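Chemist: Just passing along the structure, written as structure tokens.
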Amino acid sequence: MGKSRTGMRWIFLVAVALAVSACAETEFLVHSAKRMGGVFEPPQEPIYKVGEPYQIQGTWYYPAEDYQYDETGIASWYGAQFHGRRTANGEPYDMNALTAAHRTLPMPSYVRATHLENGRSLILKVNDRRPFARGRIIDISRRGSQLLGFHDTGTARVRVQIMADQSRAIAARLQSKTQLAEASTPITVDRLPKPDVKTEALAPPPGGARAPVVRPAPAPQPVAAPPERKTAAKRNDNEVLSDKVTVTPVKKTNLFVQAGAFTQFENANRVRAKLSPIGPVTVKQALVNGKDFYRVRVGPLQSVNDADRTLDAVSRAGYPDARIVVD
């Protein structure tokens, strides 16, 4: 009886030791996950997304497929604070990748960003929704800002142009992939039950001859499956994105705050008079899609800081849609 109790105690102690070991291993894995940046999340495929209109700090934004997009303004960059977080279309943000955030362009899409003060230009993939700071038109990854040459200054005068063909191509790939994933799986012949068929050799009829025996062709040998390839979206990224920077000649640019563009000169002139206490105001005629517009601009301004202050003043004067432009 004593030996039996002793044996039971040993079994109990072994079970407790195993449980403690398992708990310790689980705790180690949890702490390892925390050291790697938080709760582990499996990789997520990027999705194609345009999105509905949304409002940030009282301003409405209207995402759209705009394959004519071409704008000048101020770029900023974002880095370690957002590294590893999900972007607006589901990809993890990588500050060392060639990506950018835009408030309205499709995700993903490709743009060429050109630094207008040093002539450097680079293709970037838009996969996030930013920047929401007034006076900025694009937020670029840390790596992109380094290659374009404004990492240390924080901002840059840029021109941003959508790469229409490449953007349409990646949109078509991802949309087709989504449609295939959502479609129901068709029934295949291999899944149907196969009948049990038996064969039997019969003697030839009177006066007939036995047909020659036809040997079946040898079964084809299995071929090794090709190695797994990268997703279509990733292949397309590698084809379009590159650390190679293009450098073009630069010309002098000026900073302005544009209060608005009007089809009637009288309306533009009234706005000019209202904004004249803020600084030098001009009314400039421009032809857009065959139609005359009169742009009311304050400037030229000496620096991005001056442009930011002027933009705030114009907005308070009753023109909340005013923006900084580079010309």
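The values are calculated or read from the model by the stated rules, or taken from the named source; none is laboratory data. Just so it is clear, the structure is predicted and the values come from calculations on it, not from any experiment. Cβ coordinates were reconstructed from backbone atoms using ideal geometry, including for glycine residues, and neighbour counts include every protein chain displayed.
Chemist: Looking at the range 80-111, which of its residues are buried (at least 17 other Cβ atoms within 10 Å of the Cβ) and closer than 19 Å to D243 by Cα?
Modeler: Y93, M95, A97, L98, T99, A100, A101, P108, S109, Y110, V111
Chemist: Restricting attention to the range 301-316, report how many residues are surrounded by 16 or more Cβ atoms within 10 Å (Cβ to Cβ), in contact (Cβ under 8 Å) with a residue 40 or more places away in the chain and either under 15 Å from S276 (Cβ atoms) or of a type outside the set (D, E, K, R) (or both).
Modeler: Result for the range 301-316: 7.
Chemist: How about the range 53-75: which of its residues are surrounded by 11 or more Cβ atoms within 10 Å (Cβ to Cβ), over 24 Å from S145 (Cα atoms) and of a type in the set (A, V, I, L, M, F, W, C)?
Modeler: I56, A64
Chemist: If you go through the range 307-327, how many residues are assigned to a helix (DSSP H, G or I) and not aliphatic (A, V, I, L, M)?
Modeler: Number of matching residues: 6.
Chemist: Here's a follow-up. Out of all the residues in the range 238-296, which are farther than 30 Å from N127 by Cβ, of a type in the set (S, T, Y) and in a loop (DSSP other than H, G, I, E, B)?
Modeler: T263, S276
Chemist: For the range 257-269, state whether one or more residues are free of Cβ contacts under 8 Å to residues at least 12 places away in the same chain, outside the structural domain of S145 (by TED's automatic domain parsing), closer than 30 Å to E91 by Cα and among the acidic types (D, E).
Modeler: No - not one qualifying residue is present in the range 257-269.
Chemist: Could you count how many residues in the range 268-327 are closer than 25 Å to W60 by Cβ, of a type in the set (S, T, N, Q) and in contact with a Gly (Cβ under 9 Å, 6 or more places away or on another chain)?
Modeler: 1
Chemist: Ok, one more. State whether the residues of the range 101-124 include one that is of a type in the set (G, A, S) and within 21 Å of T59 (Cα to Cα).
Modeler: Within the range 101-124 (the criterion being of a type in the set (G, A, S) and within 21 Å of T59 (Cα to Cα)), the answer is yes, since at least one residue qualifies.
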